[in-house]
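See below for the structure under consideration.
The values are calculated or read from the model by the stated rules, or taken from the named source; none is laboratory data. Small disclaimer: the values here were computed from a predicted structure and weren't measured. Cβ atoms come from the backbone with ideal geometry, glycine included; neighbour counts cover every protein chain shown.
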């Protein structure tokens, strides 16, 4: 790709960047001679097609043709601007970029501005819980009550929003008036903070803080950069229980996973990801040593989530409680399984308890491990009722009808969009679960034109 001015910075940064370390944070890489190979994140790769060549400083996919250096990798994978990728790698390498004349707050692109605004806010919230003061006392008491240690709070960047109307907005306004920079970067204008959902207009027309008197959980991308926030109420009278940042150019709920920046290495090592329902569940699991845990952000598991996790692992385990929740989870999990390249399992926690409740018990680690070991394949969970009906069916016609209903249900979830070897493996699995042959499955449902399984 052609680089803008600043090619000296570009060369210095590429020389200082370990491309294997960079790519392996996003993709599991295995050594192959002097090179490394992994699943390509730029297309739906079912077998390792991307090679990383450290001696030449580039990656190349022999299936889709994706090719480039460390900067290109960030630009193409994370949809960064060139300068944003340059700054990200410069920070990693401890290199100070050359400041060019005429560069001011307005020169930063929108994504960079949003990221800087979120980073400044994350630091503001974190400082208030670390330094002595009324907010810190409240925050520390809350963390202690939930069994969250200082070390874990630091790792996840947990902070607190003060019980005040406009502390963050006033701080940003003062920085702008006094032309203060933070870590050498200009502070974004207030409209950028508004676009990030950090401040908003009051009924009087003044800017006030969005998050007030709340425990703050930074939501970070795979590079560890804050892109959004979850804010839990402190006062029981406040509503709602959680406030969350709106979607923006840097934050999309349907593809973001809480804790993935901290969990990626453990997921790649164990080849399994644990999907929780909330921030505190992830935090409790990491504290207990289950560091391959992440959470969706108020959405069901999507194909985007599964594809992202598929770069690191083969299996995803969904934690849930309750029969109805389990049935809905089974439907959605099978749909994701058909549309992606990961296996999906469902794990029912004992007595419908939350992960932190179980882990807080005397034998909690053992109980939770046992629950994970007992996780059921999503397809098995979905088809269990059909299997029972087949076992109880009294005649050929009844069994034929049940098989047809099962295939119709599976086609509706995306089975008819699966092709090739994967389809054959899935049909073998379904036949085994139902106790029928694959030819019965092929004949049992209505034949229809194959379709591609999309996001609902």
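Hey, does the stretch 171-183 have a residue that's at pLDDT below 95, under 27 Å from residue 96 (Cα atoms) and either crowded, with 21+ Cβ neighbours inside 10 Å or assigned by TED's automatic domain parsing to the domain that holds residue 29 (or both)?
no
Considering the stretch 55-64 alone, what residues qualify as being assigned to a strand (DSSP E or B) and farther than 29 Å from residue 337 by Cβ?
Answer for the stretch 55-64, where residues must be assigned to a strand (DSSP E or B) and farther than 29 Å from residue 337 by Cβ: 58, 60.
Would you kindly identify the helices (runs of 4 or more DSSP H) lying entirely within the stretch 142-247 that contain at least 3 residues that are closer than 25 Å to residue 113 by Cβ and without any contact (Cβ under 8 Å) to a residue 24 or more places away in the chain?
Per the criteria, 167-177, 190-195.
Restricting attention to the stretch 292-306, and to residues there that are surrounded by fewer than 20 Cβ atoms within 10 Å (Cβ to Cβ) and out of contact with any strand residue (DSSP E or B) (no Cβ under 8 Å at 6 or more places or on another chain), which single residue is modelled with the highest pLDDT?
My answer is 304.
Search the stretch 348-363 for residues being buried (at least 17 other Cβ atoms within 10 Å of the Cβ) and either more than 19 Å from the chain's Cα centre (by Cα) or at pLDDT below 80 (or both), and hand back the single one that is nearest to residue 413 (Cα to Cα).
348
Mind listing whichever residues of the stretch 31-54 are in a loop (DSSP other than H, G, I, E, B) and either more than 21 Å from residue 339 (Cβ to Cβ) or touching a strand residue (DSSP E or B) at 6+ places or on another chain (Cβ under 9 Å) (or both)?
Across the stretch 31-54, the qualifying residues are 33, 34, 39, 40, 41, 42, 43, 45, 48, 49, 54.
Go through 85, 117 for me and flag whichever is in a helix (DSSP H, G or I), crowded, with 20+ Cβ neighbours inside 10 Å, modelled with pLDDT under 90 and outside the structural domain of residue 359 (by TED's automatic domain parsing).
Working: 117 fails: modelled with pLDDT under 90.
After ruling out the rest, the residue left standing is 85.
Can you tell me which residues in the stretch 428-456 are at pLDDT 85 or above and under 26 Å from residue 304 (Cβ atoms)?
Those that are at pLDDT 85 or above and under 26 Å from residue 304 (Cβ atoms): 429, 430.
Identify the residue in the stretch 411-425 that is touching a helix residue (DSSP H, G or I) at 6+ places or on another chain (Cβ under 7 Å) and assigned to a helix (DSSP H, G or I) and, among all such residues, is nearest to residue 334 (Cα to Cα).
Step by step, filter the stretch 411-425, then rank; the result is 415.
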